[in-house]
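Taking it in order: structure first as structure tokens, then the write-up.
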Amino acid sequence: MTGSTIPTREESLRLKSSSPSLPAATTALLVAAVFAAATVAQAPQAPPPPAGGPPPRTYPAPTNLKVLPKDLTGQQVHEIMEKWEGSLGAHCNTCHTPDPTNIGPNGRPRLNFADDSKPQKSTARLMYKMTEDINGNYISMVENSGAPVTCGTCHRGHLGPEPFVIPPDEHDHDHEGPRPAQDAPQSPPPAGTTPPQPK
């Protein structure tokens with residue numbers, strides 16, 4: 001361009017031919033966008049993070065239910081068994097026998113839950129019927145009785161319930177009126193503990 005402010009005809013033609021036209025600019029922008037989208041689509045995608053860990057475990061439908069309701073699902077029976085395990089301080093193989101023909105992924109035999117050959121399973125059924133009887137025929141008749149009787153009520157985490165030890169007698173037996181506050185009865189110690197000794 002010359003020093004004038006108005007370009008000459010030749011300068012105008014050179015400017016027009018050197019700058020891209022509107023359709024060419026649009027085409028270039030469209031090609032760049034398609035290229036960017038194709039590049040992103042071909043990039044390796046990271047797998048989505050697991051939502052809260054492994055999928056929930058499924059349990060087969062129970063068989064050979066003799067005292068539990070027959071319409072329970074495998075999941076419901078499993079939850080009941082876990083409570084009994086904790087209440088008794090036991091494991092599944094306390095009542096259930098291993099099946100040497102059914103080996104699990106860990107190389108050990110899986111348990112045969114339907115098998116009735118262990119006497120502990122019969123005992124567990126008997127004890128379950130006992131607690132149901134106590135709760136239905138006795139506890140339910142006591143006003144404000146609170147929590148029902150469970151395996152843990154007596155067993156407290158031990159397969160064989162520990163005997164309750166009565167604390168030593170710390171009061172006289174005159175029973176001639178209310179006792180002073182210092183002689184008020186104290187609650188017994190928890191099962192499995194030694195009662196405090198008098199000083």
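FYI, it's all coordinate maths here, none of it is from the lab. From a predicted model like this one, the values you see are computed outputs, not experimental measurements. Glycine also receives a Cβ, built like all others from the backbone with ideal geometry; neighbour counts cover every protein chain displayed.
Kirkwood hydrodynamic radius of the stretch 115-156 from all distinct Cα pairs, in Å?
Kirkwood radius, the stretch 115-156: 11.4 Å.
Hey, can you grab everything whose amide H is under 5 Å from the amide H of N112? Only 5+ residues off in sequence or another chain; H modelled, so Pro and N-termini drop out.
T97, D99
Modelled label-to-label distance, E82 and N106, 7 Å Cα→beta-carbon offset: nm?
1.6
Relative to a virtual label point 7 Å from the Cα of N64 in the Cα→beta-carbon direction, which members of the stretch 120-135 show backbone nitrogen distances below 17 Å?
It comes to 120-126, nothing else.
Could you list the square roots of 5 times each eigenvalue of the Cα gyration tensor of the stretch 72-160, that is, the equivalent ellipsoid semi-axes, sorted largest first and rounded to whole Å?
30, 12, 12
Once phi is turned into θ = phi - 60°, what whole-Hz ³J(HN,Hα) does the Karplus curve with 6.51, -1.76 and 1.60 give for every residue of the stretch 132-146, x standing for Gly and Pro?
5, 5, 4, 5, x, 9, 10, 4, 5, 8, 8, 4, 6, 6, x
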